[in-house]
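What follows is one structure encoded as structure tokens, with my remarks underneath.
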């Protein structure tokens, strides 16, 4: 299963989620951001690569639906409702991501 995590700048939340799951042999993970200055900017190719897309909050979900709805196809888009501020690999952030993502992986 290919999983894409999306936040705004791809610096903290989506990058943390990618780091958590990159050692999981059952999935392949990438992350991206919706902002033009994101570390990795969200693209149609990334949307098409994914089987499931986790948006960190409403803003990213709306962005994906507005700009990439044509590329979503059968892909599942899930809003995790994880809002800033956090720091990369923050313990509370890691726990929240795991709690909200795990049910989708089983």
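All of the numbers you see were taken from the coordinates with simple rules; none came from a lab. What you see is a predicted model; the values in this text were computed from it and never measured. Heads up, the Cβs are rebuilt from the backbone with ideal geometry, glycines too, and the neighbour counts pull from every protein chain shown.
Quick notes
- Enumeration of residues in segment 43-75 that are more than 20 Å from residue 101 (Cβ to Cβ) and part of a loop (DSSP other than H, G, I, E, B): 43, 73
- In segment 54-99, residue surrounded by the most Cβ atoms within 10 Å (Cβ to Cβ) [restricted to those that are free of Cβ contacts under 8 Å to residues at least 40 places away in the same chain and within 19 Å of residue 24 (Cα to Cα)]: 96
- Condition met for residue 48 (more than 20 Å from residue 16 (Cα to Cα) and either in contact (Cβ under 8 Å) with a residue 24 or more places away in the chain or touching a helix residue (DSSP H, G or I) at 6+ places or on another chain (Cβ under 9 Å) (or both)): yes
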